[in-house]
Amino acid sequence: MMAEVLGRKDGYCKGKGGSMHIMDASKGILGANGIVGAGIPIATGAAYSAKYRGTDQVAVSFFGDAASNQGTFHESINMAAAWKLPVVYVCENNLFGISVDLRKITGNPNIADRAFGYGIPGVAVDGNDVLEVYQATHTAFVRARKGEGPTLIECKTYRQKGHHIGDPGTVYRLKEELEAWKKRDPIKTFKARLIKEEIINKEEVENLEKESRKLIEEAVQFAENSPFPEPEEAFEDLFYEMEGAKE
Amino acid sequence: MAKYIIMPKLGFNMDQGTVVQWLKKEGDTIKEREEVLEIETDKTVMPVEAPCSGILRKILVAEGEVVPVTLPIAIIGDKNEDISQMMEEAYQKLGKKEVIEALKEVTPVIEKKPTQEPRKEAEKRISPRARRKAKELGIQIEGLTGSGPASAISEKDVLAYYEIHQEKINLEDQVDKRIPYTGMRKIIGDRLSQSKFTAPHVYFTVSIDMTNVTVLLKRYNRDMEERISVNDFLIFAVSRVLAEQPKMNSSLINEEIIYHKAVNIGVAVALEEGLIVPVLKEANQKGVSAISKEMRTLIRLARERKLMPEDYQGGTFTISNLGMYGVENFTAIINLPEAAILSLGEIKKMPVVIKESKKVEIRSIMKATVSVDHRLIDGAIAAIFLKQVKDYLEFPEGLVL
Amino acid sequence: MIKMKKVTYAQAICEAIDEEMARDKNVLILGEDVGILGGNFKTAVGLYEKYGDLRVKDTPISENSFLGMSLGMAITGLRPIVEIMFTDFLLLAADQLLNQIAKIRYMSGGQVKVPLTVRTTIGAGRSSAAQHSQSLHAIMCHIPGLKIVVPSSAADAKGLLKTAIREDNPVLFIEHKMEYNQSYEIPEGEYTIPFGQANILREGKDITVIATSNLALKAVKAAEELGKEGIDVEVIDPRTLIPLDRETLIASIKKTGRLFLADEGYERVNITSEIVIDLMPDIFYDLDHPPERLCLPNVPLPFSPALEFPLIPDQEKLYKRIKKIFKG
C-alpha cells in the first residue's frame, strides 16, 4: 500500500492507481474510487454477482456523508433493496464534504433515515465506538446472508483534520465542536476502556503501539526501496490480452 | 539522535512556505507532535508538529523567511549532542552562505514577428500522387496542365502527358545540348532579371498612324544617297518629346531621382550572341540626318564588336524596334537605371476609320508600347508622353513648326 | 457452401445473446425492458422465459448505477451484457462507462479484467428528435480502455456480438435502430467474426469509401449506381473502430488514390476526422484528391420528417457527393 501511494512499481497497482484508486482484488478489496459515489453501484454489482453465483459473500460499500447525495447512492440502494442483494452500505458521516457542512446542504442530515424510503433497515451508530459499529455490522451481515437484502449503517463521527493535505480544516469549522469531538477519539477512548476493564494492560498497549509503528516503518522502507516504474509501462494493462487477439 | 524539522509540503502546488511564528525557542523541551511553529502557504497558516521529542537545539530560519519545501528549518536533539555537521549541511541546503535572490522570472515578451512572406506557392495545383508520378517519370511540373477541379493536376494528367511526349522523345535525338550560362548571355540575363525584379513595370500601348511619316521619308529618300529610315525619324521624334518631358528622361539612383540634362537614346541592336544597346548621345540636339548618320556608324560598330564603353554607357532612354520581324507589339524590359523603354512593332497596312470623313481608308499603323518604372512615372505621365510621340509622328509638321 | 437463412437484424442479435448465454452460465443480460418485454427492439425475445429472472434482469431507469453494477459483476466472475437503449442515454452513464469501466483494469495495475459488453443504438429516421436519434460513438472512442464495434449488416452483427461477449475487455457494441426490423440473410449455425478486421464489401479502383454501420450498406447501393456512370467504387466496412484495421484501409487508398468517408455522427469531431488523420502519414503521397466525407450536419435532429430526412446521410447523398468528385 505504501509503495502504491509513493507511485512505485511494487505497489498494488504497479504505481498506476495511487491513493485514490488503490485496490487488492485478491483480498476482495475492489478499490477506492476517485469519483465520489462511483463505488456504490460497483459494490452493489458485486453483491448481485455473489447472489448469482450462490456464494455467501457479502459486499460492503464504504462512502462518506457527501456521497449519500450522489445519484448513484439512491439508484444503487433502490436496486439492492428491490432485488434483496447481499450488500451492506456503510456511511461514515463525518459531517463535512471538503468544506461544506452536511447540515447546510441536506434536508435530513440523518443519513440512516433514508433507508426507510427504500424499504430497508437503516441504523445510526456512534462511529467512534468500536463495539457499536461491530455489532451493527454483524447484524447486517447475518441479514444479508439470509437473503433478506441490504442494510444502511450510518456511523456518526467527526473529522479531526482537514479533508486533504493542505487543508487545515479550520476555516469552515467551529473550534468548540472540533475540541468536543477530539475528546471522543475512538482509538483513545477504546484504549482507555480496555485498560479500565482490565482486558489489556498498559505494557501490552505500548508493545502493540510499538509493533504497529514498526510495521509502518517497514512498509515505508519497502516502499522507498521499490523502484519507480519505467515509462513504457504506462502502455501496459489497458486491455486484457486475449489469445490471438489483434490490438 | 538529532532530527531536522523540515518545511513540509502541504499540497500538490506548494513549493515554498513562510515561517510565520516560532512557538518555541531554542533550548525549549519539545514533545513529539507538539506544535513548534506556524508556517504560511499562499492560502493558509498551518501549524508544524515536532517529528520527535527532544530539545529545540537550533532554529535555522527566522520568522518571515521563505523556505522551499523539504528543506530543514530547525534541529531537535539531545541537550549535549554535537549538531555542527547537521547545521552546516542545513545551511548549505538553505543557501545561506550568501543571499541567493530567487531569480525573478520575467515573462518573456514574445515580439510579434513580422508576418513572413507566404511561401510562394507554385500557381499550379497538383496532388501528392501526381507529383510523385511526375518525379518518377522525369516530367517537369511546369509543363503539365490539370483536368481536375480548379485545374488541379492529377495522376492521370501526368500519365496522359507522358504518353504524348514519350512519342516525341523517341523521335528526337536523345541527348540534350548543354552549354554553361556565362558571358554576354549571363550579363544580359542578370541585368534584365534585376530590372524586372526591381522596377515595377507598367505598360502603355498606342497605335500610331505612320502614313504621313512614311510618305514624308519616301519623298525625301527618293533623291538622297544616304537614306533616312523610319527608325531614325522615330529617334528624332522621341528625343524631342523627352526634351519636353523630363520625367520620362529620369533615373532613380541611390534614393535620388535624377532628371538628366541630356537625352541619350539607346537603340537596341540584335546580335547573334545577344542584345546590345549603343547610345546616341544628345539626340535632341541633332537633326534627323545627323541621327541617321550616327546610327549607321553605331550599328556597324556594334556588328563588328567594336563598340567602346562610352558608346553603350550613359543612356537615358531606350528604343527597341522589332517591326522588321513582323512583331505586332511587345513589352520590353526597362534598361535600368533608365525610367522607360519604348517598344515598336511593325508598320502594317490596316483599314482605319478617318474621324473627319467617317470613311474607312487603308493606313500604315504601328503599335508602340512604353514600359515605365512606376517608381518614377505614373500612368498620366506615360500617357502624355505617348500622346505627344503619336502626335509628332502623325503630324510631323509639329516637329518643324 | 454456407447455408443461409433469412432473419431480422433484431433476431440475429437475439440469437447471438441466446447462444452465448447457453454456452456460458456466467453470461447475463440486464437493461430496461429486456425481461418480460423481450427488449424494446425485440433483441431479447424469449430469453426471460428460457433463463430466468436472475439472468435476464429488468432494471429501473438508473443507467449510471446499473452500468456500475455490471462493472461490479464483471470484476467478480460474471460476464454481463448491458443494454442501454440509445447512445443518448449513455451520457447518463458516462461516469461509469468512461471513468470506471474503461479504466479500472489499468488503475488496478492489471489486477482485474472486465468482460463486459454494453449494447446501445444509434441512428435517426423515426422522428425521435434530438435526444433519441444521436450517433455518439465518436465520443466513446476518445476514452482509452474501450473496444468499439459498429456492425453494418445483421450477419456481421451476430458474429461480432458473439465475439464481443466472449471478449474479456469492455466492448461498446453499436446497433442501428433503423435496422432492427429489416430482414437479412445470415449464415446458419454459430460463427464469430474477429475484431480488427475490416470487410471489403465491394471492390473498385477509382475511390475508397469507408462507411460505418448501415451506411456501408447504403454505400454499396450507391456504388452500383455510380458503376453505371463509369465510376468504380470500393466500399469498406471497418466493423470495429477500436481496434481499427489500418492495413486494409491503407492498402485500398494506395490503390485508388481517393478517399470518401461516411458516418451518421455529427460532422464535427466525427470518427471520420480521426480516421483521416490516423491514416494520413501512410497515405499522403498516394492521394490524388483531398479526402471528403458525409456526416450528419452540426445541428440537433429536428422532429418533423420534412426537416429530419434531408439531414440524414443516405444512398442518394452518397451518390451525389461521390459523383461530384469525378464529374465536377
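A few notes on this one:
- Mean residue ellipticity, 222 nm, helices only, the protein assembly as shown: the sum of -39500 (n - 2.57) across DSSP H runs of n ≥ 4, divided by residue count and rounded to 500, is -10500 deg cm²/dmol.
- For segment B:16-28, putting each phi into the Karplus relation 6.51 cos²θ - 1.76 cosθ + 1.60 with θ = phi - 60° gives couplings of 7, x, 10, 6, 8, 7, 7, 7, 10, 10, 4, x, 5 Hz, in residue order, rounded to whole numbers and with x for Gly and Pro.
- In this structure, the amide hydrogen of C:R293, modeled 1.01 Å from its nitrogen in the peptide plane, lies closer than 5 angstrom to those of C:L261, counting only residues at least 5 positions away or on a different chain.
- Shape class for segment A:1-92, computed from the alpha carbon gyration tensor (a ≥ b ≥ c): oblate, with a/c not under 1.5 and a/b at or below b/c.
- Alpha carbon centroid spacing (whole Å) that separates segment C:228-302 from segment B:341-381: 60 Å
- Only lysine pairs 8 or more places apart or on separate chains count here, and in segment B:311-401 those with Cα atoms under 20 Å apart total 13.
- Charge-dipole axis of the protein assembly as shown as Lys and Arg at +1 and Asp and Glu at -1 on Cβ define it, positive-most pick from C:L296, B:S292, B:Q21: B:S292
- From phi via Karplus (6.51, -1.76, 1.60), per-residue ³J(HN,Hα) for segment C:204-219 in Hz, x at Gly/Pro: x, 10, 9, 7, 9, 10, 9, 9, 9, 6, 6, 5, 5, 5, 5, 5
- Between B:S289 and C:E267, the simple spin-label model (points 7 angstrom out along Cα→Cβ) gives 8.2 nm.
- Which of C:K177, C:K42, B:K196, C:K327 has the fewest Cβ neighbours within 10 Å, and the rest in rising order: C:K327, B:K196, C:K42, C:K177
- With neighbour counts taken as other beta-carbon atoms within 10 Å, the residues B:S151, C:S304, A:S68, C:S65 rank, fewest first, as C:S304, B:S151, A:S68, C:S65.
- Dipole of segment C:4-187 computed with +1 at Lys/Arg Cβ and -1 at Asp/Glu Cβ about the Cα centre; of C:M178, C:T59, C:V82, farthest Cα towards the positive end is C:V82.
- The alpha carbon convex hull volume per residue for segment A:91-247 rounds to 265 Å³.
- Net dipole in debye of chain A [+1 Lys, Arg Cβ; -1 Asp, Glu Cβ; about Cα centre; nearest 20]: 920 debye
- Between C:E274 and B:N80, the modelled label-to-label distance comes to 7.4 nm, taking each label 7 Å out from Cα in the direction of the beta carbon.
- Given charges at Cβ of Lys, Arg, Asp, Glu: segment B:183-400 dipole, positive-most of B:T331, B:I258, B:I208: B:I208
- Beta bridges per DSSP with both ends in chain A, % antiparallel, nearest 5: 10 percent
- Remark: segment C:166-171, residue by residue, has Karplus-estimated 3J(HN,Hα) of 7, 5, 8, 10, x, 10 Hz, where x stands for each Gly or Pro and the curve is 6.51 cos²θ - 1.76 cosθ + 1.60 at θ = phi - 60°.
- Footprinting exposure proxy for C:C141, A:C155 (fewest neighbouring C-beta atoms within 10 Å first): C:C141, A:C155
- Ignoring lysines fewer than eight residues from C:K205 along the same chain, the ones with Cα atoms less than 20 angstrom from its Cα are B:K133, B:K156, C:K218, C:K221, C:K228, C:K254, C:K255, C:K320, C:K323, C:K324, C:K327.
- For B:K348, the amide hydrogen comes within under 5 Å of the amide hydrogens of B:I365, B:M366, counting only partners 5 or more places away or on other chains and with H modelled in the peptide plane.
- Using a Gaussian network model of chain B in which every pair of alpha carbons under 10 angstrom is joined by a spring, one finds that among B:I179, B:I365, B:I76 the greatest mean-square fluctuation is at B:I76.
- Look at where the Cα atoms of segment B:279-306 and of segment A:154-183 average out, and the two centres are 110 Å apart.
- Of all the options A:K146, A:K183, A:K27, the one that moves most in a Gaussian network model of chain A with Cα springs shorter than 10 angstrom is A:K27.
- Centre-to-centre, using Cα atoms only, segment C:124-192 and segment C:2-42 are separated by 13 Å.
- The charge dipole of segment C:199-327, taken about the Cα centre with unit charges on the Cβ atoms of Lys, Arg (+1) and Asp, Glu (-1), comes to about 320 debye, rounded to the nearest 20.
- Taken over segment C:4-187, lysine pairs spaced eight or more positions apart, or on distinct chains, with alpha carbons under 20 Å apart number 28.
- Global form of chain B, assessed from the alpha-carbon gyration tensor, a/c cut-off 1.5: prolate
- Global form of segment C:188-328, assessed from the alpha-carbon gyration tensor, a/c cut-off 1.5: rounded
- Comparing B:K25, B:K133, B:K156 in a Gaussian network model of chain B, where Cα atoms under 10 Å apart are tied by springs, the biggest mean-square fluctuation is seen for B:K25.
- Helix C:246-256 axis, angle to chain C major axis (alpha carbon atoms, nearest 10°): 20 degrees
- Under a model in which nothing but the beta-carbon of Lys, Arg (+1) and Asp, Glu (-1) is charged, the protein assembly as shown shows a dipole of about 3000 debye around its Cα centre.
- Taking amide hydrogens as placed 1.01 Å from N in the peptide plane, the amide H of C:L201 sits under 5 Å from those of C:V235, C:I236, C:D237, each at least 5 positions away in sequence or on another chain.
Rule-based calculations on the coordinates, nothing more; no lab input. Bear in mind that the values here come from a model prediction, so they are computed numbers and not experimental data. All Cβ positions, even for glycine, are placed from backbone atoms using ideal geometry, and neighbour counts span all protein chains on display.
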